[in-house]
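Colleague: Dropping the structure in here first, questions after.
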Amino acid sequence: NETMSDPSVVGEFETNQDYFPFLRSLTENTIKGYVYVPVYGAGTANSEFEFLTGDSIAFLPTGACAYESYIKSPQPSLVSSMDLLGYEKIAFHPYYGENWDRDKVYPLLGFDEFVDIGTILGDDIVSQYQEDKNFNKYSQAVQERYPDDQVFLRRYVSDSFDYKKVIEMYEENNAAGDVPFFMFNVTMQNHSGYTGHYSNFTQDVYLTGSMQGKYPKVDQYLSLMKRTDESLEELIAYFSAVDEPTIICVFGDHQPSVDSEFYEELYGKPLSERTIEEEELMYMTPFFIWANYDIEEQTVDNISLNYLATLLLETADLPMTAYQQYLAELHETLPVINTVGYMDKNGSWYRIDDESSPYYDTIEGYRKVQYNHLFDKQNRLDDLYLLGGAALS
């Protein structure tokens, strides 16, 4: 979920109402917690990359986008596993397909189909908007195509409409036959920035107490989180009522780029004076794994995004590749690894390049495995990254 986060992990603040009432109440058949992500404020594609591959952005050059720079040929991924298990595999993102090279990268990761904003709103309508940037004209054309829906929230496709399309694609798959369905959906509703007034968006959450009126970007952002929470409730309500055993995994890709003064007030100090532990707080987003059948409820205290797909596979009781099994074991020793640093099982933090760390060899081992997985195409040991020794097509 684009920019879904809870800034209160950084420090406490008051609001006029809870912006995540459903998410906080979700406990039955649910695994939940906060996941450490590799980026802050932007860089969604790098969070996608970590989840789908199990690789870490920490081992790539600062500022690099893995999608744009490194995915140039078929790449073993979570999607490859779903393919070998017989799933139909759809990627869905209600924005321009060429952003972050998704239209090129998703097929290389193994998706059968990529549904972008042109697919759902009409390539003619979207192309015209890309050319003239006239949102009123764009919105009117979309409204004529979807007269019964509020497609946009501010100027992006709403989570509610996004999830409606998810449900439609699920139902189409179900009607087509007995093929299991895997979708990777990247939403767009909460994308920055957080200024301006919109006729289709009511801002009903705001900071109170000592922060009231000080950070209007944060007020708008928290109001968007309330709408995200409402849409998640709609999505879970639908799948609670279907017979098909279903698991939904949701995570935020990064925290919002809002006033640095807001974060400094939460920390009580300049951002430049933070410890590594404090810096990591701005790289945490909520996640949950929910099922419409019985799974063991738990709260996961420490996990980073490179491990989340492994937890998902374990929860679904699906087979894992040797690489995914390696990641599951690595998580026991180093439960968090991201671009800021890594944490051991005792809660101690280290920078990624700290040669004095007692885990330096462990980190270097992960780096080497990732190098073979991502870069060393000629010598890649596909048996490690694909189920049952399958060949990558």
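Colleague: Is it the case, given these coordinates, that GLY122 is of a type in the set (Gly, Ala, Ser) and crowded, with 16+ Cβ neighbours inside 10 Å?
Modeller: no
Colleague: I need a count of the residues in the stretch 132-174 that are farther than 27 Å from PHE184 by Cβ and open to solvent by less than 40 Å² (accessible area, probe 1.4 Å).
Modeller: 3
Colleague: Going residue by residue through the stretch 241-256, is there one that turns out to be open to solvent by less than 10 Å² (accessible area, probe 1.4 Å), of a type in the set (S, T, N, Q) and either assigned to a loop (DSSP other than H, G, I, E, B) or farther than 18 Å from LEU23 by Cα (or both)?
Modeller: Looking for residues that are open to solvent by less than 10 Å² (accessible area, probe 1.4 Å), of a type in the set (S, T, N, Q) and either assigned to a loop (DSSP other than H, G, I, E, B) or farther than 18 Å from LEU23 by Cα (or both), one finds at least one in the stretch 241-256, hence yes.
Colleague: Continuing with the same structure: Please go through (1) under 20 Å from TYR156 (Cβ atoms); (2) among the acidic types (Asp, Glu); (3) open to solvent by 10 Å² or more (accessible area, probe 1.4 Å) for GLU48 and return the number of the only condition it doesn't satisfy.
Modeller: The single condition GLU48 does not satisfy is (3).
Colleague: Do any residues in the stretch 222-243 that are free of Cβ contacts under 8 Å to residues at least 12 places away in the same chain have Cβ atoms under 8 Å from those of residues that are exposed (fewer than 15 other Cβ atoms within 10 Å of the Cβ) and aliphatic (A, V, I, L, M), where the two are at least six apart or on different chains, and which pairs are they?
Modeller: From the stretch 222-243, no pairs qualify.
Colleague: Here is a follow-up. If you scan the stretch 369-393, which residues turn out to be of a type in the set (Ser, Thr, Tyr), modelled with pLDDT of 95 or more and loosely packed, with under 15 Cβ neighbours inside 10 Å?
Modeller: Of everything in the stretch 369-393, just one residue is of a type in the set (Ser, Thr, Tyr), modelled with pLDDT of 95 or more and loosely packed, with under 15 Cβ neighbours inside 10 Å, namely TYR371.
Colleague: Residue check: is ASP178 in contact with a Lys or Arg (Cβ under 9 Å, 6 or more places away or on another chain) and of a type in the set (Asp, Glu)?
Modeller: Criteria not met by ASP178.
Colleague: Kindly evaluate VAL166 against the criterion of being in contact with an Asp or Glu (Cβ under 8 Å, 6 or more places away or on another chain), within 29 Å of VAL300 (Cβ to Cβ) and in contact (Cβ under 8 Å) with a residue 12 or more places away in the chain.
Modeller: No, not satisfied.
Colleague: Check whether at least one residue in the stretch 305-315 is within 23 Å of GLU28 (Cβ to Cβ), open to solvent by 30 Å² or more (accessible area, probe 1.4 Å) and part of a helix (DSSP H, G or I), and report yes or no.
Modeller: For the stretch 305-315, residues within 23 Å of GLU28 (Cβ to Cβ), open to solvent by 30 Å² or more (accessible area, probe 1.4 Å) and part of a helix (DSSP H, G or I): present.
Colleague: Is it the case, given these coordinates, that PHE22 is touching a residue at least 24 places away in the same chain (Cβ under 8 Å), open to solvent by 20 Å² or more (accessible area, probe 1.4 Å), farther than 28 Å from ASP178 by Cα and not in a loop (DSSP other than H, G, I, E, B)?
Modeller: Here the answer is yes, as PHE22 does meet what is asked.
The values are calculated or read from the model by the stated rules, or taken from the named source; none is laboratory data. Not measured: the values here are computed from a predicted model. Heads up, the Cβs are rebuilt from the backbone with ideal geometry, glycines too, and the neighbour counts pull from every protein chain shown. Keep in mind that these areas ignore ligands, DNA and RNA; they rest on the heavy atoms of the full protein, side chains included. Shrake-Rupley method; radii C 1.70, N 1.55, O 1.52, S 1.80 Å.
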